[in-house]
Amino acid sequence: MSIRKYKKTEVNKLIKIWYEGSVIAHDFIEKDFWKSQQKDMEGKYLPMSETYVICNEIEVVGFVSMIDDYLAALFIDVEHQGEGYGKRLLNFIKERRKKIQLKVYKKNRNAVNFYMRNGLIIEEELIDKQTDEEEFLMEWLGV
């Protein structure tokens, strides 16, 4: 298992991981919304982020994207969820930051529980303007 900066040639793989993960984890949001966001992921969000991939012996299985201290994305291929890759990526970022903030949909209980198990706390409840869904602003402060 290795973690490294992503390569531009891997963009399609990252978008596939993001899209499939988003559709499954956010079944309360129309699938078309996620489809409509794919071009922005490729042309806007990934290029503006500091992005790292995690690989098993064969392929990229997940990624994390940071914008300063904001965790903009943490996605693991649906075939490899529950294998510890997400925790490894989160710990990798914790080693490089004093503070991490993120937003997560309130209905995405698996993600909320994952972040709470890994030391993040809910700071605030918000409404996502794009989807009108409730979300949590979560934060981790390093020692």
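No value in this document is a laboratory result; all are computed from the given coordinates. Since this is a predicted model, take the numbers as computed values, not measurements. Cβ: placed from backbone, ideal geometry, glycine included. Neighbour counts: every protein chain shown.
Could you check the spin-label model distance between ASP128 and GLN101? Points 7 Å from the Cα along Cα→Cβ, value in nm.
Each label point is offset 7 Å from its Cα along the Cβ direction, giving 1.8 nm.
So if each residue of separation counts as 0.36 nm, and I subtract the Cα-Cα distance between GLU83 and ARG117, what length gain in nm does that give?
Computed gain between GLU83 and ARG117 is 10.7 nm.
At what distance in angstrom do the alpha carbon centres of segment 84-143 and segment 28-68 lie from each other?
16 Å
Spelling out what I want: for every residue of segment 56-61, take phi, set θ = phi - 60°, compute 6.51 cos²θ - 1.76 cosθ + 1.60 (Karplus), and round to whole Hz; glycine and proline get x.
Once θ is set to phi - 60°, the couplings for segment 56-61 become 8, 5, 10, 7, 5, 10 Hz.
Need the list of aspartates and glutamates near LYS35 for cross-linking: C-alpha distance under 12 angstrom, and skip anything on the same chain fewer than eight residues off.
Excluding near neighbours in sequence, the set is GLU20.
Determine, for TRP34, TRP140, the number of other Cβ atoms within 10 Å of each Cβ, and report the residues in order from fewest to most. It would help to have the intermediate numbers written out before the result.
Details: TRP34 17, TRP140 20.
Ranked by crowding around the Cβ, least crowded first: TRP34, TRP140.
Once you have the Cα-Cα distance between LYS8 and ASN91, take 0.36 nm times their residue separation minus that, and quote the gain in nm to one decimal.
27.5 nm is the gain from fully extending LYS8 to ASN91.
For segment 123-131, take each phi angle, set θ = phi - 60°, evaluate the Karplus expression 6.51 cos²θ - 1.76 cosθ + 1.60, and give the result in whole Hz per residue in order, putting x for glycine and proline.
So the Karplus estimates, Gly and Pro as x, are 9, 7, 10, 10, 10, 6, 5, 6, 10 Hz.
Read phi for every residue in segment 68-77 and hand back ³J(HN,Hα) as whole Hz from Karplus 6.51 cos²θ - 1.76 cosθ + 1.60, θ = phi - 60°, with x for Gly and Pro.
6, 9, 9, 7, 7, 7, 9, 9, 10, 3
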